[in-house]
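**Student:** Following this message is one structure expressed as structure tokens.
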Amino acid sequence: MIKKIVILLIMIAVAKCAWCQDYRYEVGPAIGITGYLGDVNKSNLFRMPRVAGGGIFRYNHNTRWAFKGNLLYVNLAGDSKNIESKFPFDQQYSFTAHVIDLGAQVEFNFFHFGQGARYKNYKRISPYMVAGLGVEMSFANGNTSFGAVLPLGIGVKYRLKDRLNIGFEFTMRKAFSDKVDGITDLYGYPHGFAKNTDWYSVGMFTLTYEFSKRCVKCHYIE
């Protein structure tokens with residue numbers, strides 16, 4: 001009889017562990033498209049889309065809050081031809097920029113993201129908001145710039161299966177260097193630290209794998 005009770009308790013513990021949100025961390029690749037707004041493109045964000053790629057690392061604090069780090073390569077391009085703005089002496093400017101973006105963000109899930117017992121109201125899909133701070137280094141037309149960047153955006157994540165998640169995120173990134181595109185201002189009026197004109201967007205798909213169990217003894221998790 002005692003042996004049967006022990007076996008039953010073990011089975012319950014195993015079943016409970018299977019429903020726990022067991023893993024703290026996620027890591028995986030990211031790939032997507034970019035857009036640029038600046039001195040040679042004032043309105044059409046996706047006038048000359050390019051590609052971005054890299055990796056992300058996420059720490060899941062709980063089912064609502066997560067902290068994420070990213071290291072991305074961002075390609076940007078712009079051309080002053082066929083835009084409404086006219087520059088002095090009919091100047092024309094085009095550029096291709098290679099940007100290294102390193103940042104940290106905070107994510108807030110609208111739903112309790114994860115898998116678990118029904119009474120916990122976990123969802124396998126959740127939209128989220130994201131905001132953070134980072135740095136960028138841009139190489140454009142032989143010019144190098146370095147500055148802070150402020151990413152703000154939204155996303156959605158989906159639990160594809162145990163320990164594997166997919167997602168899509170769109171962020172606008174305010175650059176605090178006005179030389180991401182390689183120039184300060186074709187009109188000849190340099191901007192200050194806060195009032196520059198360079199923004200870029202990243203719309204990226206992610207695939208992440210979870211690891212590092214949150215606890216081994218699941219009966220400690222409510």
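**Student:** At a Förster radius of 22 Å, what calculated FRET efficiency corresponds to the Cβ-Cβ distance of Arg118 and Leu164, to the nearest 0.05? Can you show the working numbers first?
**Tutor:** Working: r = 22 Å, r/R0 = 0.98.
Approximately 0.55, to the nearest 0.05.
**Student:** Something else now. Report the calculated FRET efficiency for Phe111 and Phe176 (r = Cβ-Cβ distance, R0 = 30 Å), to the nearest 0.05. Intermediate values should be presented prior to the final figure.
**Tutor:** Working: r = 33 Å, r/R0 = 1.11.
For R0 = 30 Å, the calculated efficiency reads 0.35.
**Student:** Now for a different question. How much of the accessible area of region 124-164, in percent, comes from carbon and sulfur atoms when a 1.4 Å probe is used? Spell out each step's value before the answer.
**Tutor:** Numbers: 1490 of 2120 Å².
Heavy-atom surface of region 124-164 belonging to carbon and sulfur, 1.4 Å probe: 70 percent.
**Student:** OK, next. Please give the length that would be gained between Leu207 and Val135 if that part of the chain were fully extended, namely 0.36 nm times their separation in residues minus their C-alpha to C-alpha distance (nm, one decimal). Show your work: numbers first, answer last.
**Tutor:** On the way: separation 72, 0.36 × 72 = 25.92 nm, distance 2.34 nm.
23.6 nm is the gain from fully extending Leu207 to Val135.
The values are calculated or read from the model by the stated rules, or taken from the named source; none is laboratory data. Just so it is clear, the model here is predicted, and its values are computed rather than measured. Positions of Cβ are generated from backbone atoms using ideal geometry, with glycine treated the same way; all protein chains shown enter the neighbour counts. We work out accessible area using only protein heavy atoms, side chains counted, and drop any ligands, DNA or RNA first. Shrake-Rupley method; radii C 1.70, N 1.55, O 1.52, S 1.80 Å.
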